[in-house]
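The values are calculated or read from the model by the stated rules, or taken from the named source; none is laboratory data. Fair warning: this is a prediction, and the values are worked out from it, not measured in the lab. We place every Cβ from the backbone using ideal geometry, glycine too, and count neighbours over all the protein chains shown. Accessible surface areas use protein heavy atoms only, side chains included; no ligands, DNA or RNA. Shrake-Rupley method; radii C 1.70, N 1.55, O 1.52, S 1.80 Å.
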Amino acid sequence: MRLLGASLLLAGANFFAHFAHAVDMEQKKPIPISLAELYQDQFDIGAAIKSEHLDETFRRQIFLGSFGRLTAEYEMKWGQIFKENRYDFSAADKLMDFARDYGIKVTGHTLVWHIDHPVRLFENAKGGKIGKAELRQRMRQHIFTTMNHFQGVVDNWDVVNEAISDKEGEVYRRSEFYQIYGDQSYIVDAFRFARQADPNMELWYNDYMLEHSDKLEKLQEFIRYMKQQRVDLAGIGFQGHYSLEWPTIDMIEKAFQLVIKEGLKIKVSELDVTVYNDYLDGVFQPEPEKACDAPLLAKQAQRYRELFELFRKYKDHIAHVTFWGLTDETSWLNGVVKGREDCPLLFDKSGRAKPAYHAISQFK
Ligand code: XIL
């Protein structure tokens, strides 16, 4: 009896924890309603997380208090789950257990990417380059193994990430996948294998800066190619690594409209708003450190407000909006320039909800 009581209590704790709300420490009171709940009639709201974050109660609380969907920030990537010639899913599984316990939806990120793959992915045993048939086989094996492993938890996969080129006049990135295949048909193979591995899975293409006019034209070309190859594509993931100024709302809207016209869904998969403007005329010229003070945070809040106005306008086409991290302290953008701190997310270093949080949670 006592045992039963204890387990019921535990189950209850889990159940209620999902609805425990984040704390706005400035106002020293709980944020009245979670973002995921607020937006439940519009689209899912998620965040990228690392398994180590689950060891810290305050991060678990922030997650559970605000988000209903999760992406592994890096622990599902090929180079992370396949090391020293074997698969090890333990870190990702920690995230999956958390998701299962609290009824959080999970986005799979990512199966084929030119970064973070096994060190010897493109090599044979003698250290020479493998050919197309071998790469095809390795991709097939990886996609089947990974999708099977996460079956039942992940509900949509970023099958291919960042295959479109940033170079002028070049549609597809000349990654090693491209070079070994001799063309972009590795993308088609990746999607076909994913479809074979799970006939019902939502399969997505994910990329950054698609709002840039050159890249948008390439996206159009990419979609044409996918259709011509009869690839079953659910939609396009816009990473959403934005700055205070770039891209303009009009540019994002134009990109959304193109995807909608093509009959595809949209997701904003890696949203953050850096306070730095490091690219002048497309050249990387990092700005010196700024204080994330009240005027800057107000500007950022306004930017987030406008972004979410746009997202709500397109709610019928947007499946999810996922933030790339939980608090400013652990944002990947802190690594862009050594020693420089950014503050691109909704919660500050100590987990306090920032003005941006309030800006997107107050709407009619
Ligand atoms: C980044 C993660 O945030 C880092 O922790 C990791 O070391 C490198 O990758 N586009 C993507 C993401 O699709 O997977 C990247 O994530 C950020 C850019």
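List of remarks:
- The combined condition, being at pLDDT 95 or above, farther than 14 Å from Thr146 by Cβ and within 16 Å of the ligand (Cβ to nearest atom), is fulfilled by Ala48.
- For segment 337-357, taking the residues that are among the aliphatic types (A, V, I, L, M) and over 16 Å from Leu271 (Cα atoms), the one that is least open to solvent (accessible area, probe 1.4 Å) is identified as Ala353.
- Counting only residues that are closer than 12 Å to Trp78 by Cα, surrounded by 11 or more Cβ atoms within 10 Å (Cβ to Cβ) and hydrophobic (A, V, I, L, M, F, W, C), segment 105-143 holds 7 of them.
- For segment 187-221, taking the residues that are among the acidic types (Asp, Glu) and outside any helix (DSSP H, G or I), the one that is farthest from the chain's Cα centre (by Cα) is identified as Asp198.
- Condition met for Leu310 (open to solvent by less than 20 Å² (accessible area, probe 1.4 Å), touching a residue at least 40 places away in the same chain (Cβ under 8 Å) and within 16 Å of the ligand (Cβ to nearest atom)): no
- Among (1) open to solvent by 70 Å² or more (accessible area, probe 1.4 Å); (2) part of a loop (DSSP other than H, G, I, E, B) - the single one Pro286 does not satisfy: (1)
Per-residue answers, yes or no, for (1) touching a residue at least 12 places away in the same chain (Cβ under 8 Å); (2) within 15 Å of the ligand (Cβ to nearest atom); (3) of a type outside the set (Asp, Glu):
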position: Asp101; (1), (2), (3): yes, no, no
position: Thr107; (1), (2), (3): yes, yes, yes
position: Val112; (1), (2), (3): yes, yes, yes
position: Phe122; (1), (2), (3): yes, no, yes
position: Ala125; (1), (2), (3): no, no, yes
position: Ala133; (1), (2), (3): no, no, yes
position: Gln151; (1), (2), (3): yes, no, yes
position: Asn156; (1), (2), (3): yes, yes, yes
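- Filter result for the condition that a residue is open to solvent by less than 10 Å² (accessible area, probe 1.4 Å), touching a Leu at 6+ places or on another chain (Cβ under 7 Å) and part of a helix (DSSP H, G or I), over Ala92, Ala99, Ala47: Ala99
- For segment 323-339, the set of residues classified as part of a loop (DSSP other than H, G, I, E, B) and within 16 Å of the ligand (Cβ to nearest atom) consists of Trp324, Gly325, Leu326, Ser331, Val336, Val337, Lys338, listed by residue number.
- Of residues in segment 158-179 being in contact with a helix residue (DSSP H, G or I) (Cβ under 8 Å, 6 or more places away or on another chain) and assigned to a strand (DSSP E or B), the one farthest from the ligand (Cβ to nearest atom): Tyr172
- Whichever residue in segment 225-246 is in a loop (DSSP other than H, G, I, E, B) and among the polar types (S, T, N, Q) and, among such residues, is nearest to Ile318 (Cα to Cα): Gln239
- Flag not set for Met251, criterion: away from the ligand (no atom under 16 Å from the Cβ), in a helix (DSSP H, G or I) and more than 20 Å from Arg305 (Cα to Cα).
- Odd one out for Thr274 among (1) surrounded by fewer than 18 Cβ atoms within 10 Å (Cβ to Cβ); (2) in contact with a helix residue (DSSP H, G or I) (Cβ under 8 Å, 6 or more places away or on another chain): (1)
- Ile180 vs. criteria more than 26 Å from Ala72 (Cα to Cα), touching a Leu at 6+ places or on another chain (Cβ under 9 Å) and either surrounded by fewer than 18 Cβ atoms within 10 Å (Cβ to Cβ) or of a type in the set (Val, Ile, Thr) (or both): yes
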